[in-house]
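Student: Let me give you the structure first, and then I'll get to my questions.
The values are calculated or read from the model by the stated rules, or taken from the named source; none is laboratory data. All values reported here derive from a predicted model rather than from experimental measurement. No Cβ is skipped: glycine too gets one built from the backbone with ideal geometry, and neighbour counts run over all protein chains shown.
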Amino acid sequence: MYFVYVLKNLRTGGNYIGHTGNLARRLMQHNSSNYKPERYTNKISGPWQLVHKEEYSSRAEAMKREKFLKNGQGRDYLKTCLCGLKRKKKTQFPGNSMVE
């Protein structure tokens, strides 16, 4: 299983979009100041919080979705979804799992 995820920087409010095969480990790396300090999420101090995730059966599918979410239409989709999270406790994303 592969995941596409969106992190929110709790200090600045900025978002980061990525993909991984191990979501728990990757979130820990994003929040660790010792892990590859030249990386984007370590240059901008966090903490980073997981706000959205989608699960895919192949890395190719996850990479395709990540690329979509990073373009204009994908960013618009995320803004719509993430704004809904502010109003509701739980949101069902089309074709994906429940996010709290």
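Student: Within the range 37-67, take every residue that is surrounded by fewer than 16 Cβ atoms within 10 Å (Cβ to Cβ), modelled with pLDDT of 95 or more and hydrophobic (A, V, I, L, M, F, W, C) and give me the one that is farthest from Leu7 (Cα to Cα).
Tutor: Among those that are surrounded by fewer than 16 Cβ atoms within 10 Å (Cβ to Cβ), modelled with pLDDT of 95 or more and hydrophobic (A, V, I, L, M, F, W, C), it is Ala60.
Student: Could you please find all residues in the range 43-74 being in a loop (DSSP other than H, G, I, E, B) and more than 13 Å from Thr20 (Cα to Cα)?
Tutor: Answer for the range 43-74, where residues must be in a loop (DSSP other than H, G, I, E, B) and more than 13 Å from Thr20 (Cα to Cα): Ile44, Ser45, Gly46, Pro47, Lys70, Asn71.
Student: What about Arg87, is it surrounded by fewer than 11 Cβ atoms within 10 Å (Cβ to Cβ), more than 13 Å from Val6 (Cα to Cα), modelled with pLDDT under 70 and of a type in the set (Lys, Arg)?
Tutor: Here the answer is yes, as Arg87 does meet what is asked.
Student: Hey, another quick one. Which residues, counting only those in the range 11-36, are of a type in the set (A, V, I, L, M), in a helix (DSSP H, G or I) and buried (at least 17 other Cβ atoms within 10 Å of the Cβ)?
Tutor: Across the range 11-36, the qualifying residues are Leu23, Leu27.
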